[in-house]
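Notes to accompany the following structure.
Quick note: the coordinates plus some simple rules give every number you see, no bench work behind them. Remember, predicted model here, so these are calculated numbers, not experimental data. In this analysis, Cβ positions are derived from the backbone assuming ideal geometry, glycine residues included, and neighbour counts consider all displayed protein chains.
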Amino acid sequence: MKLKLATMALLGSMLMTTPAIADDLTLYCSADEEWCQLMARGFEEATGINVDMTRKSSGETFAQVKAEAANPKGDIWWGGTGDPHLQAAEEGLSEAYESPMRGELQPWSIKQSEASGNKTIGIYSGALGFGYNEDLLKQNNLPAPACWADLLKPEFKGHIQIANPNSSGTAYTTLATMVQLFGEDGGFDYMKKLHVNVNQYTKSGSAPIKAAAKGETTVGIVFMHDAVAQTAQGFPIKTVAPCEGTGYEIGSMSIIKGARNPENAKKFYDWALSADVQSRAVEAKSYQVPSNKNAKISPLSPDLSAIKLIDYDFAKFGSSEERKRLLKKWDDDVSTLPQ
Amino acid sequence: MLRHGLDRNVTFWLLTGLAAFVLLPWYGIERGYLDMRWITGGWPFRGSGASGLFAGLERPWLLPHLVFLLLPLAAWGRLKSDPLFSATLLFAGAGGLIWLLLQGFAIGLNGFEWSWLEALFGPQDIRQFGMGYGALFTAAAFLFFLSSGLAARGVVNGDTFVVGSIGFVIAVVGIFIFFPIMKMFIAGLQTDDGSYSLSVFIAKFADRKIWSLACMTGGTRCGVAWNSLFLAVMVGLFSTLLGLVFALVVTRTGFRFGRFLRAMTLLPIITPPFVIGLAIILLFGLSGTVTTTIAGITGMQPTRWVYGFTGVFIAQLLAFTPIAFLVLIGVVEGVSPSMEEAAQTLRAGRWHTFRTVSLPLMRPGLANAFLLGFIESMADFGNPLVLSGNFDVLSTEIFFAIVGAQNDAGRAAVLAMVLLFFTLAAFYLQRFWLGKKSYTTLTGKGDSGHHPLLPKQLRYVLFAIAGVWTVFTLVVYFIIIYGSFVEVWGLKNNLTFNHYVRAFGLSWNEFGLHFSGAAWDSFWTTLQISAISAPLTAAIGLLTAYLLVRQSFAGKQAFEFTTMLSFAVPGTVIGVSYIVAFNVPPIELTGTGLILILSFIFRNMPVGVRAGVASMSQLDKSLDEASLTLGANSWQTFRKIILPLLRPAILAALVYSFVRAMTAISAVIFLVSARYDMATSYIIGRVENNDYGLAIAYSTVLIFVMFAAIGLFQLLVGRRQLGRRFDQSRTNWEAGG
C-alpha cells in the first residue's frame, strides 16, 4: 500500500510541472513611500529577488510585527525611528545579526546596534528641530525663532504645532530631549509653557511641518530633515537647529524573528548598509544623514556636525518603562492644562 | 417504516464532505486560499496539498472526521420522521463540528496549545497549520447534518432551508465577528507580561481621558467618550433630517430634477471619506480659499476654526446624509398612498395628513437612518484623522492606542467597549421607540399609486434647505476635481495632468501595454476585492433579514444582536482583532486577499440586514402565506416573492457594500499586505506625504469608477414593479443613476 502510494505520488509529481522555488523577500518599510519604492525596486534590480513591500509608519509596523509574532509574515523591517525597533528587540520580535558592513558605519549606528544586542542597526540619523512658514511669520509680524526658548514667547500663542507624544515617536523624542536638556522638572516646565502656545497636537510626527508648508500653522516641531524636505518641494519653510542643542533619532533596520526568507533578509541588510545604496536617498527626496561613512550626503541635509547634539540616552529613554512613565506624567501634568 | 436510500440533501452533503476530506487539501496554503499552487505541491497525497485522509496518516487526530462523515449512513432507509434519523444526523453533525474545533484549537503551530494536553500526553513533536478547503467543506457538511437533524426534529416547522440558513449565519457570524472580538477583548484584560488582570482593566476603563466632563465646568476638554457621543448624536440627527428633506423633495413635491438630486446625493458616499476632509481644509483651513477671501474682505484675522468639532461635523454630514437618504427613499416611497388617501378622504388637510399619517409610517426608516448616521459617525476614522484638531474622538484614539508610540492594545479594547456600549444603547433605544406597532403598508391590495403633495410652505422650506446643501456639496466636489489638476495647491497653482499620469500612466513596451502608473496595482486589487465582496455581502445580509423578519425561532433576539454587532464595532478594532484572531491556526488568513473580503462582508453585512429588514417589514406577510398556501416551500417563496420585492434593498446593499469596500480605510489599514494593497491605504500614504495632488487625482478616478459600478448594479438588479402609476413622481432608480 505504501509503495503504491509512493509510486502514485512520484507519478503525480512527474506529470505536473514543479513550480520554481520563489525567491522572495517581504519588506516592511517605515520610511517615505518614495524611498521605500526606491529600496524595493533597487534591491530587485541588484539581486533578482522579488520584493513584496508594505509601507506603514513605524508604530503601525511594530503593531503588525507584534501581532504576527506567532507566525511572522515579514522578513525585514527597514526604516522608521529607532524606538519601536529597540522595543521590538526588547520584546524578542527581531533577530540578532552582525553584518560584514559594520566596519563602514558611523559610531552612532554601531551604538544603536549594541544597545539592542545586535538586533537592530542604524541606517540613517536626523536631528530634532523646528521649521516655520516664512510667509505666515511675516503676516503675523513674528520674530524669527532660533532657540527652543523662543517658542515660549507669548506672541507665538496659537502658532505652534507638535505631535502628541502618545501617538508619535517624534513628539516623544521631543519630550525626552527636553528632559535630557533641562532636567526632568525643567523639561516638563518647558512642555507646560509650550502647551499654552500649541494650536494642535497632531497624531503623526511629521504632520506639523506639512501643515506649516500648507499654511495651516506657523511653526512645526519636527525632525529637521522633514522640514528640509518641505523646503526642497518649494514650500516657504525655514529650518531651525535650536541654539540650546537638540536630540536626534536613529532610523533603524531589523530582521524579523522567524522570517520565512532569512537568507534574503540578510542579503538585503548588507545591501542596505552599503555606501552606494545610502547615497541614493536624495533621489527619493530624503535628507537624513546616512550611517555609512562613505555615503554621499545631500547639500540640503542638515549638517549634524554643525548642530549641537545632546548625548541622547537611547537605552534609557527607549525602554518601555521610562516611556510609559514620561507619557503618563505628560498626560497628567501637561495635557490637562488650559491653553 | 423503511424507504430506499437516504434523504437526497443528506446524500449530497455526505458525498461533498467525503470528497473534500479525501481530495481537497486539508490545510491552508501559505499564500492564501486564492493561490492554486497546491495542485502541483504533492496533492492529494503529501506536502502542502495533502487531503484530510492522507494528512491523517501522519496526523491521526484528523481521522475521526471520517467516522463522523460516514455516520449518516446509519440512517440509511429511514424516514425523516424516524427519531433515529434525526438522532444520527444530530450526533454526526455536532460531533464532527466539535471534534473539528477541538483539534484545531488544541494543536497549533508549536504542538499542543493547551498545557493540560501536554501534561496528559507529554510533549509531542506535532504541529499543524491553518485549515484549508478540505476542512472548510468538511465543516460545511457537518453543519448541514446538524441542521437537517434539527429540522427532522421539527425545529422551525421542520423547514430544512430555514434551519440550514440559521445554522450557516450563526456559524459564519460566530467565526468572523464573535471569535475575533472575543480574542480582542481578552487582549484588553492582558497585562504587559501576558498574564490576565481585572484591576488593570478597571484602571484603564476609569481613565480621565475617556470620561472627563471638564469642558462642561470650564475646564479644557472633555473625555473622548463624551466627544464621540455628542458628535454622533448631532450627526445622526442632522443627517436624518437632511436625508428626509431630500427624500421628500424627490418623492412628494413634484420636483422635476429628482434625477439630478439623486445623483448628487450619491456623490459623497462614493468618495473616500478623508477626501471630503481634505476639501474642507482647502476651503476653510487657515490658508483655505474661503477663509483667506473673507479675511481679505473684512480684514479679520484668519483662524483655525474649522479644526475640531465643527469641521468633523460638516464633513460627516456631507458624507452620511446620502446614506440616510438611501435608507429613507425606499421607506418614503414604500409608504402606501392608500393610507394617505384614506386620511384625505376623511378630510384631513395636507399638513395634517403628513404629520399624523405619512411621518409616523416613516418611523422605521427614520430610526434606521438615525442609527446608521450615529454609528457611522462613531466609527468614522478618515474625517477625524484630518480635521479633528484637538477634539479627540474614540475611533482615532483607538487607532493611535494601537499603532501609536504607546502601543496599548488593552486600552484600545477598553475604548472599543465604550464605543460598543454607545452603539448598542442606540440600537436598543431605536427598538424601544419603534415599539411593536405595525408599519406594514405594502400589501397585495391595490391603491392609486399617487403620493399626495406636501403643503406649500413646507415644500418651500424643503427646497431651500436642499438647495443650499446641494450648492455646498457641489462646491466641495468642484474643489476636489479642480484640486486634482493643480500642480501644488497654494504654491504652484497652474493646471496639469501630471498627477493622473503619475497614478494611471500607460505605456507601450516590448510586451505590449504596460501599466506604468503608480496606482495600478492597488487599483486592480481594490476593484477585484470590492467586486467579490459586494454580492456576498448583499446575499448574507438579505438572508439574515429574511430570517429575522419572517421566521420565528428561539434565540432570535440574540441572533439579531449578533448580526448587528460588527457594525457597532469600529473598523479599527475589526482590523486589529482580525490580525489577532486569524494570524494563527486553526484559521490563518493574514496577508491574504480573503481576509480583506471577509472583513468587508462582515463589516457591511448589517447594512444589508437593516435595508432588508426595513423593506421587508413593509411587505405584508399574507404575500408569503399566499405563496406557501399554494404549495411553494420557503426557499421558493423567498426567491420568487420576497427577493423581487426587495430589489431596492438588494440594490442598496450591493451599492453600499461595493462602495464601502472601495472607500473603507480603518480596518483596511491593518489588513493590507504587500501583495494586496488597497486604494485607500495607498492614498492615505500619499496624503501623509503631502502629495495631495496624486491623492485627490486617485480619489477622483475612484469616484468615477464607483459611479460606473453603481450604474452597472442598477442594470443588473432592475427595479421592483409595484404596479403603481409613477406619472406623478417620475423618478426612479433607473433615472437616478
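Need one word for the range B:528-575: rounded, prolate or oblate. Basis is the Cα gyration tensor (sqrt eigenvalues a ≥ b ≥ c); a/c below 1.5 gives rounded, then a/b vs b/c decides.
oblate
Residues of the range B:166-181 with the amide nitrogen closer than 14 Å to a label point 7 Å from the Cα of B:N9, along Cα-to-Cβ, please.
Answer for this model: B:166-169.
How many angstrom lie between the Cα centre of the range B:72-130 and the Cα centre of the range A:71-93?
Rounded to whole Å, the Cα centres lie 39 Å apart.
Sorted from largest down, what three extents in whole angstroms do the Cα atoms of the range B:210-465 have along their principal axes?
That works out to 65, 49, 35 Å along the principal axes.
Give me D for chain A in µm² s⁻¹, whole number, from Stokes-Einstein with Rh from the Kirkwood sum over alpha-carbon pairs, 37 °C and 0.692 mPa s.
Approximately 155 µm²/s, per Stokes-Einstein.
Restricting the count to DSSP beta bridges whose residues both fall in chain A, what percent are antiparallel, rounded to a multiple of 5?
In chain A, approximately 60 percent of DSSP beta bridges are antiparallel ones.
Which whole number gives the average, over all residues in A:57-67, of C-beta atoms from other chains lying within 10 Å of the residue C-beta?
Mean shielding count: 6.
Can you give the % of DSSP beta bridges in the protein assembly as shown that are antiparallel, to the nearest 5?
The answer is about 65 percent antiparallel.
Full-extension gain between B:L453 and B:L189, please, as 0.36 nm times their residue separation minus the C-alpha to C-alpha distance.
Contour length minus Cα-Cα distance gives 89.3 nm.
Zone of B:N157 (label point 7 Å along Cα→Cβ, backbone N under 15 Å): which residues in the range B:631-651?
What the label zone holds, given the 15 Å backbone N cut-off, is B:631-639, B:641-642.
For B:H352 and B:E113 in one chain, what is 0.36 nm times their gap in residues minus the Cα-Cα distance, to one decimal in nm?
79.3 nm
Take the Cα pairs of the protein assembly as shown, get the Kirkwood Rh, then feed it into Stokes-Einstein at 4 °C and 1.567 mPa s and tell me D in µm²/s.
41 µm²/s
Name the residues whose placed amide hydrogens come within less than 5 Å of the amide hydrogen of B:Y27, ignoring near sequence neighbours (fewer than 5 apart) on the same chain.
B:G132
To the nearest 10 degrees, how steeply does helix A:58-67 sit against the main Cα axis of chain A, on a 0 to 90 scale?
Taking Cα atoms only, the helix is inclined about 40 degrees.
Calculate, for A:A315 and A:D270, the FRET efficiency according to 1/(1 + (r/R0)^6) with r their C-beta to C-beta distance and R0 25 Å; round to the nearest 0.05.
0.45
To the nearest 500 deg cm²/dmol, what mean residue ellipticity at 222 nm is calculated for chain B from DSSP H runs of n ≥ 4 alone, each contributing -39,500 (n - 2.57), summed and divided by the residues?
Counting only the DSSP helices, I get -20000 deg cm²/dmol.
Using only alpha carbon pairs under 8 Å that are at least six residues apart, calculate the relative contact order of chain A and give it in whole percent.
Taking the mean separation of contacting Cα pairs over the length of chain A, I get 24 percent.
Based on the alpha-carbon set only, what is the convex hull volume of the range B:493-736 divided per residue, in Å³?
Dividing the Cα hull volume of the range B:493-736 by its residues yields 199 Å³.
Please label the shape of the range B:211-321 as rounded, prolate or oblate, based on the square roots a ≥ b ≥ c of the eigenvalues of the alpha-carbon gyration tensor (a/c under 1.5 means rounded; beyond that, a/b larger than b/c means prolate, else oblate).
oblate
Using only the Cα atoms, work out Rg/Rh for chain B, with Rh taken as the Kirkwood radius, to two decimals.
Over the Cα atoms of chain B, Rg/Rh equals 0.99.
Against the 2.2 N^0.38 Å scaling, with N counting residues, where does the range B:154-259 land? I'd like the Cα-based Rg ratio to two decimal places.
The value comes to 1.84.
Using Cα-only point scatterers and the Debye equation, what is log10 of I(q)/I(0) for the range B:219-273 at each q in 0.13, 0.14, 0.30 Å⁻¹, rounded to two decimals?
Debye output, listed in q order: -0.50, -0.55, -1.12.
Could you tell me how far the Cα centroid of the range B:543-610 sits from the Cα centroid of the range B:653-709, in Å?
The distance from the Cα centre of the range B:653-709 to that of the range B:543-610 comes to 22 Å.
For chain A, what is the mean residue ellipticity at 222 nm derived from helices alone (per DSSP H run of n ≥ 4: -39500 (n - 2.57); sum divided by total residues; nearest 500 deg cm²/dmol)?
Per the formula, -12500 deg cm²/dmol.
Can you tell me the relative contact order of chain B? Whole percent, Cα pairs under 8 Å, sequence separation 6 or more.
16 percent
For a test of the definition: using alpha carbon positions, the gyration tensor, and the 1.5 limit on a/c, classify the range A:298-339 as rounded, prolate or oblate.
Oblate, because a/c is 1.5 or more while a/b does not exceed b/c.
Per-residue counts of other Cβ atoms within 10 Å, averaged by peptide: what ranking do you get for A:73-79, A:294-300, B:542-548, highest first?
Per-residue Cβ counts within 10 Å, averaged per peptide and sorted highest first, yield A:73-79, B:542-548, A:294-300.
Given the peptides A:204-217, B:349-362, B:113-126, B:465-478, arrange them by the average over their residues of other C-beta atoms within 10 Å, most packed first.
The densest-packed peptide leads the list: A:204-217, B:349-362, B:465-478, B:113-126.
Across peptide B:380-392, what mean number of C-beta atoms from other chains lies inside 10 Å of a residue's C-beta?
For peptide B:380-392, the averaged partner shielding equals 2.
Beyond 23 Å, how much of the Cα-Cα pair distribution for the range A:229-328 remains, as a whole percent?
Percent of Cα pairs beyond 23 Å in the range A:229-328: 48.
Under a crude label model (7 Å from the Cα following the beta-carbon direction), how far is B:A206 from A:K308 in nanometres?
Placing both labels 7 Å beyond Cα along the Cβ direction yields 4.6 nm.
By what distance, in whole Å, do the Cα atoms of the range A:21-149 stretch along each of the three principal axes, largest value first?
65, 33, 30
Using mean Cβ contacts within 10 Å as the protection proxy, how do B:701-709, B:196-204 order, highest first?
Sorting B:701-709, B:196-204 by mean packing, highest first, produces B:701-709, B:196-204.
Using the Kyte-Doolittle scale, find the helices of chain B whose mean hydropathy is at least 0.0 and whose Cα atoms extend 20 Å or more along the helix's long axis, counting only whole DSSP H runs.
Those that pass (Cα extent of 20 Å or more, hydropathy at least 0.0) are B:8-23, B:83-106, B:133-152, B:224-252, B:309-334, B:363-379, B:409-434, B:456-483, B:520-550, B:593-616, B:647-663, B:692-717.
Hey, if you put +1 on the Cβ of every Lys and Arg and -1 on every Asp and Glu Cβ in the range B:116-236, which of B:A187, B:W226, B:G154 ends up farthest toward the positive end of that dipole?
Going by the Cα projections, it comes out as B:W226.
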